[in-house]
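The values are calculated or read from the model by the stated rules, or taken from the named source; none is laboratory data. Bear in mind that the values here come from a model prediction, so they are computed numbers and not experimental data. Neighbour counts are summed over all protein chains in view; Cβ atoms, including those assigned to glycine, are modelled from backbone coordinates with ideal geometry. Please note that ligands, DNA and RNA were not included when accessible areas were found on the heavy atoms of the full protein model with its side chains. Shrake-Rupley method; radii C 1.70, N 1.55, O 1.52, S 1.80 Å.
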Amino acid sequence: MDRREHIHCSLIVVPCAELRVFQPLDAFPAEERARWERYIVEARHVGPGRGRYRQRVTPEGLGIMVEAGEGAEVRLVGGTYFVCPWRTRLRVLAGILAFREAAPFEGSEGFIPKRLARRAGKELSRLRRRDPAAISCIMQSPWHVPVRWFVLFSDAERRLAEEDGRFRLRYLSTVKRARRRAERAIPVLRNTDLGPIAGVIVELVEWLSAFDPRAVVELDYGGLCDLMTWDELDDDHSARDIQEAIGALSSDQIPRSAQLYRSLVGRWAEVRSHEALN
């Protein structure tokens with residue numbers, strides 16, 4: 001009997017937040033634009049889609065759930081369609097390499113063997129040579145929202161609404177405004193003990209710079225909303241807190257900035273603690 005028949009595989013959905021960039025249809029090359037136009041017409045919906053998954057079993061017997069087929073998230077903003085392609089294969093390959101580059105743990109070699117990582121690296125290089133403009137439009141974070149993402153948004157861009165019987169919290173801004181906020185924060189942070197954070201915000205700016213200036217950027221709490229009560233979601237104003245902390249820092253109000261930052265980090269550490277329970 002094939003040893004893969006002994007594998008019991010169940011799909012575990014890890015609660016994740018996502019940072020997505022949506023570009024207007026006319027920002028895509030003609031062939032890709034036509035494909036997304038057909039996708040919008042055939043899908044007949046605007047909003048988060050439901051992914052379809054299939055199991056892929058590696059020669060080592062590891063079962064991996066991957067999305068079946070390609071698609072996109074679609075938003076209608078001001079009468080214009082904006083599209084965020086999943087680019088699943090690109091993200092999976094980059095994720096495999098990022099896992100290998102992270103700090104190893106006991107047994108980590110069994111998850112991503114060197115041979116598989118080398119193949120992933122070669123395929124990712126081929127994809128990027130074939131289409132240098134194809135970059136990931138989605139950043140994903142399990143169990144929490146990275147504090148640095150809130151630098152891109154203001155409290156006025158916060159939206160809390162009920163969808164399909166669930167409350168969802170999102171922020172939506174333009175790439176232009178998000179970049180401007182991040183660029184203002186970088187020199188403020190570099191002159192303080194929070195200098196290392198400036199480096200990761202620079203990476204965010206570089207990522208956003210690869211997209212059309214008319215694009216919009218969305219922070220979606222996603223599955224994290226199910227870990228939080230209504231009161232916690234209603235009281236959560238993390239973007240406001242981080243903007244106030246940066247403003248206090250630029251005005252030399254160090255104690256006030258530290259208080260806001262510690263409160264924000266502590267709140268998200270509490271949400272992230274659900275990981276230990278799972």
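Normalised per residue, the accessible area of the stretch 179-243 is 47 Å², obtained with a 1.4 Å probe and no contribution from ligands, DNA or RNA.
Sketch the reach of a paramagnetic label on SER250 as a point 7 Å from Cα along Cα-to-Cβ, and name the residues of the stretch 195-225 whose backbone nitrogen lies under 15 Å away. Hits in the stretch 195-225 for SER250 at 15 Å: none. Note on GLU70 and VAL200: the model spin-label points, each 7 Å out from Cα along the C-beta direction, lie 3.0 nm apart.
Computed from the Cβ-Cβ distance with R0 of 30 Å, the FRET efficiency linking LEU160 to ARG262 stands at 0.80.
Relative to the 2.2 N^0.38 Å rule of thumb, the stretch 180-278 has a C-alpha radius of gyration ratio of 1.22. Ligands, DNA and RNA left out, the accessible area of the stretch 213-278 computed with a 1.4 Å probe is 50% carbon and sulfur. Once all protein chains are placed together, ASP231 keeps about 100 Å² accessible to a 1.4 angstrom probe.
Here the label points at GLU31 and ARG126, each 7 Å from Cα along the C-beta direction, are separated by 1.7 nm in the simple model. If only the Cβ of Lys and Arg carry +1 and only the Cβ of Asp and Glu carry -1, the dipole of the stretch 136-250 around its Cα centre is close to 700 debye.
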